[in-house]
Amino acid sequence: MRKSWILACFINFFIASLMGLLLRWMYVAPISGVNFQFLMHGHSHVAMLGWVYLMLYCLIFIFFVPKESQQKNIYNRLFWITELAVVGMMIDFPAQGYAFASILFSTLHIFCSYYFCHLVWKDAKPATFPEKRMLRTALFFMLFSTLGVWCLGPAVGMLGKASAFYQIAIQFFLHFQFNGWFLFAVLALFFKQAKLNFDEKKFRLFYNLFVVGTVLTLALPVSWSLSNPAFYWINVVGVVLQFFSAILFIQLIQTQFQTFFAPLSALEKNVYRFALLSLVLKIAIQLVVLVPELAQVSHQIRNFVIGYIHLTMLGIITGFLFGFAFQNGFLNSKNAIQKWGAILFLLGFLATEILLFLQGIWLLLNNRSFPNYYLNLFLSSVFLPMGLLMLTIGIFSHAKKAFNFKHISHIS
């Protein structure tokens, strides 16, 4: 793996964060000539596909593809073709929204992801059954999620963008990207890092509950477009199954967690704690939304939607990715720039999440905005790109030095 891969991922994330910061400034002072919707599409695509997808690409390649297969240049070529697709979306979505060029680059990214799945399925050698099962399920959900993308064209052609079909197709893609591909992949990597020995029977029960719960909880976003009480009850079953799977997950890791935790630096421990706490909060929010009145308004108050998406994307997924990066020397917890970069990012995330959910609750109770809410949200959001810039500078300043890869010294 070339060090430039990691650098590219962090540059993508930094640019996505700048787009997000600009979006929040536009609530304070709208900018003429900048289309909010187009910029939002650029922000979401670069964050999901330029940061999370490519960082998972790097880590899966490092930890699951054996040394002899890593020598294949196809992985390097595929990475940069995928990065080209990301750069295309980075430029074209803010400029044109969904137009020929942006759709072309999005489609290129999807086909790159299909080929990546093929390579990993063929080459990867997970060391344990849980790692293999979680990794392959993550790859399956990645492929499965793209069915939603392929339905968008027919949905627009037959019924238009305002149709339930179109909205459900989008939610299908997002649900199985975030809760399927991303979450299962980071857990596969976490199992690999922690080197846990599982009771196979208990793991199978955890896994089955988790998968079924992931599929059934699609019913909640579907219920936003199709009004039918059945979707509420399907989501209830899914959330309950995920709750029990979370209890099993805690039981699986608790006896061995201290062994994994002990050699980590204070920053590494806190980043992992942050990711795990975010996962607990995600499940808690799903349980709260089982209250029918809250289920109804959960998507109507945008602050709740954005807060929940960022909790998953930045809290859980990015939290784990930062933990893996620090633990394996891609980031250096002893480097002052990178240490403070991570701290600023986490503080910015925490402050913006508090503001988003407080504003959502305020709107729910009073139907009006917090005083100076948008300005405070913008000011809190400044810490996110600031932290990422420091992390990126730290990587770039050490680009000519060897990364301190603790487990992968054979990689060039």
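The values are calculated or read from the model by the stated rules, or taken from the named source; none is laboratory data. Keep in mind the model is a prediction, meaning the values are calculated, not measured. Every residue, glycine among them, receives a Cβ derived from its backbone with ideal geometry; neighbour counts consider all protein chains shown. These accessible areas exclude ligands, DNA and RNA; they are computed on the full protein's heavy atoms, side chains included. Shrake-Rupley method; radii C 1.70, N 1.55, O 1.52, S 1.80 Å.
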* Residues of segment 254-299 that turn out to be over 21 Å from Leu187 (Cα atoms) and of a type in the set (Asp, Glu), as a count -> 1
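Only one residue in Leu279, Leu267 is in contact with a Lys or Arg (Cβ under 9 Å, 6 or more places away or on another chain) and closer than 25 Å to Leu347 by Cα. Which one?
Numbers: Leu279 fails: in contact with a Lys or Arg (Cβ under 9 Å, 6 or more places away or on another chain).
After ruling out the rest, the residue left standing is Leu267.
Looking only at helices (runs of 4 or more DSSP H) that fall completely inside segment 315-383, which ones have 2 or more residues that are over 19 Å from the mean Cα position of the chain (by Cα)?
Values: elements: 318-327, 336-366, 373-381.
Correct list: 336-366, 373-381.
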* To do: Would you please name the residue that is most open to solvent (accessible area, probe 1.4 Å), looking only at residues in segment 30-49 that are polar (S, T, N, Q) and outside any helix (DSSP H, G or I)?
  => Ser32
* **Residue ID - surrounded by the fewest Cβ atoms within 10 Å (Cβ to Cβ), chosen from residues in segment 150-192 that are among the polar types (S, T, N, Q) and more than 14 Å from the chain's Cα centre (by Cα)** => Ser163
* Structure fact -> With the first residue restricted to segment 150-169 and required to be acidic (Asp, Glu), and the second required to be in a loop (DSSP other than H, G, I, E, B), Cβ contacts under 9 Å at 6 or more apart or on different chains are none
* Filter result for Gly88 (open to solvent by less than 10 Å² (accessible area, probe 1.4 Å) and free of Cβ contacts under 8 Å to residues at least 40 places away in the same chain) -> yes
* segment 345-356 residues that are touching a residue at least 12 places away in the same chain (Cβ under 8 Å), paired with ones that are in a helix (DSSP H, G or I) and of a type in the set (Val, Ile, Thr) (beta carbon under 7 Å, 6 or more apart) -> Leu356/Ile306
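Here's the yes/no breakdown for (1) surrounded by 23 or more Cβ atoms within 10 Å (Cβ to Cβ); (2) among the hydrophobic types (A, V, I, L, M, F, W, C); (3) farther than 27 Å from Leu104 by Cα:
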| position | (1), (2), (3) |
| --- | --- |
| Phe13 | yes, yes, no |
| Val28 | no, yes, yes |
| Trp51 | yes, yes, no |
| Gln71 | no, no, yes |
| Ile74 | no, yes, no |
* Asked: Assuming Leu147 fulfils every condition listed in (1) part of a helix (DSSP H, G or I); (2) surrounded by 13 or more Cβ atoms within 10 Å (Cβ to Cβ) apart from one, which condition is it?
  -> (2)
* Asked: Just one of the numbered conditions (1) under 23 Å from the mean Cα position of the chain (by Cα); (2) free of Cβ contacts under 8 Å to residues at least 60 places away in the same chain is not true of Met134; which one?
  -> (2)
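Select, from Trp224, Trp233, the only residue that is hydrophobic (A, V, I, L, M, F, W, C) and touching a residue at least 40 places away in the same chain (Cβ under 8 Å).
Within the list Trp224, Trp233, the selection yields Trp224.
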* Asked: Would you call Ser102 buried (at least 21 other Cβ atoms within 10 Å of the Cβ) and out of contact with any Leu (no Cβ under 9 Å at 6 or more places or on another chain)?
  -> yes
* Among the listed residues Ile110, Ile91, Ile60, which satisfies the condition of being out of contact with any His (no Cβ under 9 Å at 6 or more places or on another chain), closer than 15 Å to Ile6 by Cα and assigned to a helix (DSSP H, G or I)? -> Ile60
* Take Phe326 and decide whether it is in contact with an Asp or Glu (Cβ under 7 Å, 6 or more places away or on another chain), in contact (Cβ under 8 Å) with a residue 60 or more places away in the chain and either open to solvent by less than 10 Å² (accessible area, probe 1.4 Å) or under 27 Å from Tyr27 (Cα atoms) (or both). => yes
* Identify the residue in segment 116-133 that is open to solvent by 20 Å² or more (accessible area, probe 1.4 Å) and in a helix (DSSP H, G or I) and, among all such residues, is nearest to Asn76 (Cα to Cα). => His118
* To do: Starting from residues that are among the small types (Gly, Ala, Ser) and within 23 Å of the chain's Cα centre (by Cα), keep the ones in segment 224-281 and report whichever is farthest from Gln327 (Cα to Cα).
  => Gly238
* Here are some residues: Phe304, Phe345. Which one is crowded, with 19+ Cβ neighbours inside 10 Å, at pLDDT 95 or above, of a type outside the set (A, V, I, L, M) and more than 26 Å from Val65 (Cβ to Cβ)? -> Phe345
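Condition first: in contact with a Ser or Thr (Cβ under 7 Å, 6 or more places away or on another chain), surrounded by 19 or more Cβ atoms within 10 Å (Cβ to Cβ) and among the hydroxyl-bearing types (Ser, Thr, Tyr). Can you find one or more residues in segment 367-382 that meet it? Give the steps one after another, and end with the answer.
Start the filter on segment 367-382 by keeping residues that are in contact with a Ser or Thr (Cβ under 7 Å, 6 or more places away or on another chain), which leaves 377, 380-381.
Add one more test, that the residue is surrounded by 19 or more Cβ atoms within 10 Å (Cβ to Cβ), and what stays is 377, 380-381.
Among the residues that remain, those that are also among the hydroxyl-bearing types (Ser, Thr, Tyr) are: 380-381.
Within segment 367-382 (the criterion being in contact with a Ser or Thr (Cβ under 7 Å, 6 or more places away or on another chain), surrounded by 19 or more Cβ atoms within 10 Å (Cβ to Cβ) and among the hydroxyl-bearing types (Ser, Thr, Tyr)), the answer is yes, since at least one residue qualifies.
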